[in-house]
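**Q** Quick one: this structure, given as structure tokens, is what I'll be asking you about.
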Amino acid sequence: MKVSKIENTKRNIVFGVLLKIYQLVLPFIFRTIMVYTLGIQYLGLNGLFTSILQILNLAELGIGSAMVFSMYRPIVEEDDERICALMRLYKIYYHIIGMIILVGGLILTPFIPCLISREMPDKINIYILYIINLGATVSTYWMFAYRNSILNAYQRQDIISKVTIITDTLKYSMQLAALYIFRNYYYYAISILLSQVLNNLITAIISQKMYPKYKPKGKLPKREIHSINQRIRDLFTARFGGVIVNSADTIVISSFLGLEVLAVYQNYFLILNAVMAFMAILNNSVRASIGNSMITKSLKDNFKIFNMFIFIEIWILGFCICCFSSLFQSFMILWMGEELLLNYSVVFMLCIYFLGYEYVMMMSVYKDASGIWHEDRYRPLISGLVNLALNLMFVKAAGIYGIVLSTIISIFLISGPWITRNVFSLIFRDESLRKFVKQMIVYLIVMGIAAVFVNLICAMIPNSGIITFIIKLCISVFLPNMFFVVVYFRYPLFKDSICVVKQMFSNDLWRNHRNA
């Protein structure tokens with residue numbers, strides 16, 4: 001069966017964006033409903049459970065990606081027997097993972113109250129709620145999860161997105177009834193379990209109908225299993241640090257500062273995550289084209305493309321920083337009220353965190369496209385462990401400031417410099433790292449000037465409602481982009497970048513770029 005890469009890529013981007021918008025807007029609405037129906041503590045409790053289960057999900061890290069990657073060649077070669085054997089191995093691994101998560105989760109159960117500082121919501125059984133959430137996670141692995149591998153390998157993530165939209169609609173309908181009609185958090189949690197089971201069943205049925213010849217049977221040679229396991233280990237260590245950073249912050253805040261502080265912090269982080277999600281879609285959509293370019297073009301040409309990619313992303317990040325710094329507090333006042341605001345200094349620190357995180361992500365595009373996972377495997381792990389250690393050191397003395405500062409330190413002193421060094425020592429060996437760093441400093445200075453300029457203007461406008469927020473939004477969208485145009489108009493990469501953006505959905509993203 002021939003895979004139409006272009007059509008599948010377009011479908012995946014369209015439905016991926018639709019799903020991401022759906023999964024961002026609806027939880028945003030439900031956070032609001034939960035605050036006004038059950039209270040702020042339930043938001044914190046929800047975030048705590050999510051982070052605990054992310055830690056338990058460490059057992060999976062790398063397996064799904066490694067197995068799907070292993071299917072690409074046999075699909076091209078139409079080696080059905082090997083694909084079936086891979087599915088069988090995938091099924092075995094996922095059943096084992098489900099058992100590991102179940103046992104680990106049950107062992108952790110008695111200690112759940114220790115992860116919550118200060119008061120908990122009244123009249124709830126924390127253990128029952130935790131077991132329900134644990135069941136939803138375990139069902140992900142035990143109920144036909146291996147069937148998803150075929151859809152992913154054939155680049156039909158759009159099918160998965162469509163099914164998720166349907167099942168999420170059912171979930172959100174049940175959650176709306178749980179919050180608004182029954183005001184019952186148990187029903188809210190049960191809806192997560194039911195929708196996850198339904199999602200797996202529908203996806204498995206569709207996958208079976210589309211690709212009926214693939215069944216989990218047969219065995220792979222020991223050498224190939226060893227190769228797959230090595231790839232899993234590399235991906236595991238590479239992603240382990242990211243899970244620590246994302247989950248440890250939440251758990252530490254809950255354990256030392258309480259559920260209310262956690263809920264307020266996550267309100268801010270929800271907005272950051274929304275933008276990060278769309279940045280991830282952008283990065284994922286160009287990764288394959290960059291990977292193709294790394295194979296078909298010279299390193300010199302690829303370095304030109306690399307500089308262009310960095311320039312475009314820095315422009316986008318600069319625009320985002322201006323909007324975050326000038327609009328965060330105004331938006332939070334409209335959404336949650338002044339009593340649930342963090343200090344503006346935390347907003348500033350979150351902007352720094354966002355910038356560092358996205359820098360690492362855009363460098364990771366080249367790391368992944370070049371396949372240097374093995375060489376880069378310890379960077380996220382060490383960065384994550386340092387972040388966790390600093391969290392525990394700073395949280396009592398500095399509170400929420402210490403949590404965000406710990407993450408900033410781990411990114412800017414460890415992860416960022418390390419991945420930059422890897423990209424230049426392993427990919428662009430003949431190019432000047434010092435020159436690149438100087439260019440990045442120039443970009444940061446321009447970005448900083450734009451942010452200060454926008455914030456000074458927006459500060460003159462009082463927070464007096466939706467009209468003034470819209471005015472600030474227009475200023476934050478228009479001014480930084482005009483400033484960047486004025487500064488970079490004569491910059492050599494500016495015109496080349498315009499051409500690249502115009503070709504974003506062409507067959508070859510980089511084919512017709514103007515040589516600098």
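**Q** Any idea which of Ile225, Leu235, Ile202 is furthest toward the positive side of the dipole for the stretch 151-274, if Lys and Arg beta-carbons carry +1 and Asp and Glu beta-carbons -1?
**A** Ile225
**Q** Still on this structure: Work out the charge dipole of the chain with +1 on the Cβ of Lys and Arg and -1 on the Cβ of Asp and Glu about the Cα centre, then indicate which of Ile251, Ile316, Met174 is farthest towards its positive end.
**A** Going by the charge dipole, the pick is Ile316.
**Q** Classify the stretch 201-254 as rounded, prolate or oblate from the Cα gyration tensor: take a ≥ b ≥ c as the square roots of its eigenvalues, call it rounded if a/c is under 1.5, otherwise prolate when a/b beats b/c and oblate if not.
**A** Note, shape of the stretch 201-254 comes out oblate.
**Q** Out of these labelled values of log10 I(q)/I(0) by the Debye sum over Cα atoms at q = 0.07, 0.12 Å⁻¹, (1) -0.45, -1.17; (2) -0.60, -1.06; (3) -0.42, -1.34, which was calculated from the coordinates shown here?
**A** This structure yields the entry labelled (3).
**Q** OK, next. Taking the Cα centre as origin and putting +1 on Lys and Arg beta-carbons and -1 on Asp and Glu beta-carbons, what dipole magnitude results for the stretch 209-256, to the nearest 20 debye?
**A** I would put it at about 680 debye.
**Q** Okay, moving on. Tell me what the chain gives for mean residue ellipticity at 222 nm when only DSSP H runs of n ≥ 4 count, each as -39,500 (n - 2.57), the sum divided by the residue total, rounded to 500 deg cm²/dmol.
**A** Result for the chain: -27500 deg cm²/dmol, rounded to the nearest 500.
**Q** Of the chymotrypsin sites (Phe, Trp or Tyr not before Pro) in the stretch 66-104, which ones lie in a loop per DSSP and count no more than 12 other C-beta atoms within 10 Å?
**A** Passing both the DSSP loop test and the Cβ count: no residue.
**Q** What Kirkwood hydrodynamic radius, in Å, does the stretch 98-224 give when the mean of 1/r is taken over all pairs of distinct Cα atoms and then inverted?
**A** With all distinct Cα pairs of the stretch 98-224 included, I get 17.0 Å.
**Q** GluC sites (Glu not before Pro) within the stretch 15-78: which are DSSP loop residues with at most 11 other Cβ atoms inside 10 Å?
**A** Glu77, Glu78
**Q** For the stretch 355-440, what class follows from the C-alpha gyration tensor (a ≥ b ≥ c being the square roots of its eigenvalues): rounded when a/c is under 1.5, otherwise prolate if a/b is larger than b/c, else oblate?
**A** Prolate.
**Q** I would also like to ask the following. Could you give the distance between the Cα centres of the stretch 221-269 and the stretch 80-114, to the whole Å?
**A** Result: 16 Å between the Cα centres.
**Q** In addition: Only four residue types carry charge here, +1 at the Cβ of Lys and Arg and -1 at the Cβ of Asp and Glu. Report the dipole size of the chain about the Cα centre in Debye, rounded to the nearest 20.
**A** 1360
**Q** Going by Cα centres, the stretch 134-173 and the stretch 374-447 are how many Å apart?
**A** 34
**Q** Suppose a student asked you for the relative contact order of the chain, using Cα pairs under 8 Å spaced at least 6 residues apart; what percent would you report?
**A** It comes to 19 percent, rounded to a whole number.
**Q** Work out how much length Tyr187 to Leu220 would gain on full extension: take 0.36 nm times their residue separation and subtract the Cα-Cα distance, in nm to one decimal.
**A** 7.5 nm
**Q** Something else: Which whole-number value in Å² is the accessible area per residue of the chain, probe 1.4 Å?
**A** Each residue of the chain exposes 47 Å² on average to a 1.4 Å probe.
The values are calculated or read from the model by the stated rules, or taken from the named source; none is laboratory data. It should be emphasised that the depicted structure is a prediction, and the values quoted were computed from it without experimental measurement. Every residue, glycine among them, receives a Cβ derived from its backbone with ideal geometry; neighbour counts consider all protein chains shown. The protein model used for the area step is the full one, side chains on, heavy atoms only, and it has no ligands, DNA or RNA in it. Shrake-Rupley method; radii C 1.70, N 1.55, O 1.52, S 1.80 Å.
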